[in-house]
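**Student:** I have a structure I would like to understand better, so I am pasting it below and will then ask my questions one at a time.
Every read-out reported here was derived from the displayed coordinates using simple, explicitly stated rules and does not represent laboratory data. Only a predicted model underlies this, so the values are computations on that prediction, with no experimental measurement involved. Quick reminder, even Gly has a Cβ in these numbers, built from the backbone with ideal geometry, and neighbours come from all protein chains shown.
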Amino acid sequence: MRRKHSGAVLRDALVIQMAIPVPFRWLITAALVVATVLISIVPGHARPGDSAFVWLVANTPDTLQKWMHFFVYAALAWLWAWTLESITPRWTRFLFVFVLCVGLGVFLEWYQTRVPGRFGTLFDVFLNTAGVIAGLTLAWLKPPSGLF
């Protein structure tokens, strides 16, 4: 049996991706938004009796947190661009997604200033925005055929 070329595997994954109905796209995107909000509002210090989730978030190394800002917001931007594919022209959709995702990042950084043990920083806003730009650039330059 012949093994598929990596390009064929990627193409097959994109075909599957395109076949996902819009309501499921909304669920996937909403799940990442909810996860992002939950992770962002967890107190920065775990206390005895806190859940494993709180402990895990509170004890995530700073370097990993910074990388997560970039990659989570890149994924959010890409997912929103995919989910909102009915908005045309494409540049309008991408501008809307940019404002939506950057706005979420700014709001959550501001909100973290009110969460015990957490603080919002302009550097995190920068990382969020860089992630959004990366996600939208990927969606713009390499959209799956028929997806955008």
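**Student:** Are any residues in region 95-129 more than 25 Å from T63 (Cβ to Cβ) and crowded, with 21+ Cβ neighbours inside 10 Å, and if so, which ones?
**Tutor:** Answer for region 95-129, where residues must be more than 25 Å from T63 (Cβ to Cβ) and crowded, with 21+ Cβ neighbours inside 10 Å: just V97.
**Student:** Does region 96-128 hold any residues that are in a loop (DSSP other than H, G, I, E, B), farther than 18 Å from A35 by Cβ and not β-branched (V, I, T), and which are they?
**Tutor:** From region 96-128, those in a loop (DSSP other than H, G, I, E, B) are 113-121; that's our starting set.
Pick out the ones that are also farther than 18 Å from A35 by Cβ and you get 113-114, 116-117, 119-121.
R114, P116, G117, F119, G120 - these are the residues of region 96-128 that are in a loop (DSSP other than H, G, I, E, B), farther than 18 Å from A35 by Cβ and not β-branched (V, I, T).
**Student:** Could you list all residues from region 33-62 that are crowded, with 16+ Cβ neighbours inside 10 Å and either over 23 Å from L104 (Cα atoms) or without any contact (Cβ under 8 Å) to a residue 60 or more places away in the chain (or both)?
**Tutor:** Correct list: I39, A46, V54, V57, A58.
**Student:** Next question, about the same structure. Hey, among the residues in region 83-95 that are in a helix (DSSP H, G or I) and charged (D, E, K, R), which one's nearest to the chain's Cα centre (by Cα)? Can you show your working first?
**Tutor:** The initial filter retains those residues of region 83-95 that are in a helix (DSSP H, G or I), namely 83, 90-95.
Now drop any that are not charged (D, E, K, R), which leaves 90, 93.
Numbers: R90: 19, R93: 16 Å.
Ranking the qualifying residues of region 83-95, first place goes to R93.
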